[in-house]
Amino acid sequence: MKTKHIVIEGMPGAGKTSLIEILKKEEGFVVYKETYSPEVELLTSDFEKERFYLMEEIRKNKEIILNKVNVFDRNFLSILAYSYALDRNRLCEKGLYDWVKKLYLEYVANGAIKHPDKYVVLLISTSESINRRKKYQSDPGYAIWFNEGFLDAFYDFYLNVATEFTKNLNVNVIEGDDIAQTAVLEKVVKIINT
């Protein structure tokens with residue numbers, strides 16, 4: 001089997017993590033869960049937090065296993081999308097997105113960031129994102145994911161801004177609020193295998 005590096009990106013509630021859970025049962029697949037660490041909550045600066053996440057993704061990318069299909073739940077584009085949505089809605093320290101973008105481009109230029117073979121981006125509308133995650137609405141840790149302005153900007157990043165970073169990369173977008181999980185799984189497996 002040829003080594004593959006696949007990243008599944010997209011809106012909260014679009015089914016990325018559910019899809020990862022299904023794919024990890026497939027023979028020859030290795031999955032990497034979304035980066036989260038309680039340590040990051042100890043950091044006081046938005047800049048420190050985003051640097052932490054960039055460094056964690058760089059570390060995870062070094063763990064790719066040869067002769068396997070390595071599938072990541074989110075990666076560098078999510079960090080850029082998150083900082084873009086925060087900045088656009090003035091929910092962070094001023095200039096966060098420009099700083100993260102600059103740091104990301106420096107890491108790409110010096111070879112620290114390796115792009116995946118393929119990106120799969122799952123897009124659903126802001127209202128559907130909120131609807132699918134209702135069970136988390138009372139949890140303060142998820143408050144940002146119910147901010148419509150933030151989610152609109154997050155969606156806009158993937159649809160319009162991300163092309164700045166993915167011009168020469170293999171990006172596959174699956175979009176729609178009413179696509180069943182089985183149909184998404186079939187599309188993703190086809191993308192991975194082509």
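The values are calculated or read from the model by the stated rules, or taken from the named source; none is laboratory data. This is a predicted model, so every value here is computed, not measured. Using ideal geometry, Cβ is built from the backbone for each residue, glycine included, and neighbour counts are taken over all protein chains shown. These area figures cover heavy atoms from the full protein model, side chains too; ligands, DNA and RNA do not enter into them. Shrake-Rupley method; radii C 1.70, N 1.55, O 1.52, S 1.80 Å.
So here's what we get for this one:
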{"read-out": "Surface per residue (accessible, 1.4 Å probe) for the range 28-80, Å²", "value": "50 Å²"}
{"read-out": "Estimated Rh, the range 121-194: Kirkwood, alpha-carbon pairs, angstrom", "value": "14.0 Å"}
{"read-out": "GNM flexibility winner over the chain from Asp46, Asp139, Asp152 (Cα, springs under 10 Å)", "value": "Asp139"}
{"read-out": "Rounded if a/c under 1.5, otherwise prolate or oblate - the range 1-106, Cα gyration tensor axes", "value": "prolate"}
{"read-out": "Whole-percent carbon and sulfur share, accessible surface of the range 80-186, 1.4 Å", "value": "47 percent"}
{"read-out": "Two-site label geometry, Lys62 and Ser138: point separation in nm, points 7 Å out along Cα→Cβ", "value": "4.3 nm"}
{"read-out": "Listed residues Ile191, Ile22 arranged by accessible area, highest first, probe 1.4 Å", "value": "Ile22, Ile191"}
{"read-out": "For the range 98-157: rounded, prolate or oblate by the Cα gyration tensor [a/c cutoff 1.5]", "value": "prolate"}
{"read-out": "Dipole axis of the range 83-194 (+1 Lys, Arg; -1 Asp, Glu on Cβ), positive-most option in Trp145, Cys92, Leu169", "value": "Leu169"}
{"read-out": "Kyte-Doolittle mean at least -0.5 and Cα axial length at least 15 Å: DSSP H helices in the chain", "value": "76-88, 96-109, 181-193"}
{"read-out": "By accessible area with a 1.4 Å probe, ligands and nucleic acids excluded, highest first: order of Glu128, Glu63, Glu27", "value": "Glu27, Glu63, Glu128"}
{"read-out": "MRE, 222 nm, helices only [DSSP H, n ≥ 4, -39500 (n - 2.57), over the chain, to nearest 500]", "value": "-13000 deg cm²/dmol"}
{"read-out": "Dipole magnitude (debye, nearest 20) for the chain, charges at Cβ of Lys, Arg, Asp, Glu", "value": "580 debye"}
{"read-out": "Residue (of Val40, Leu66, His5) at the positive-pole extreme of the chain, dipole from beta-carbon charges", "value": "Leu66"}
{"read-out": "Three-way shape call for the range 29-173 based on the alpha-carbon gyration tensor, with the a/c threshold at 1.5", "value": "rounded"}
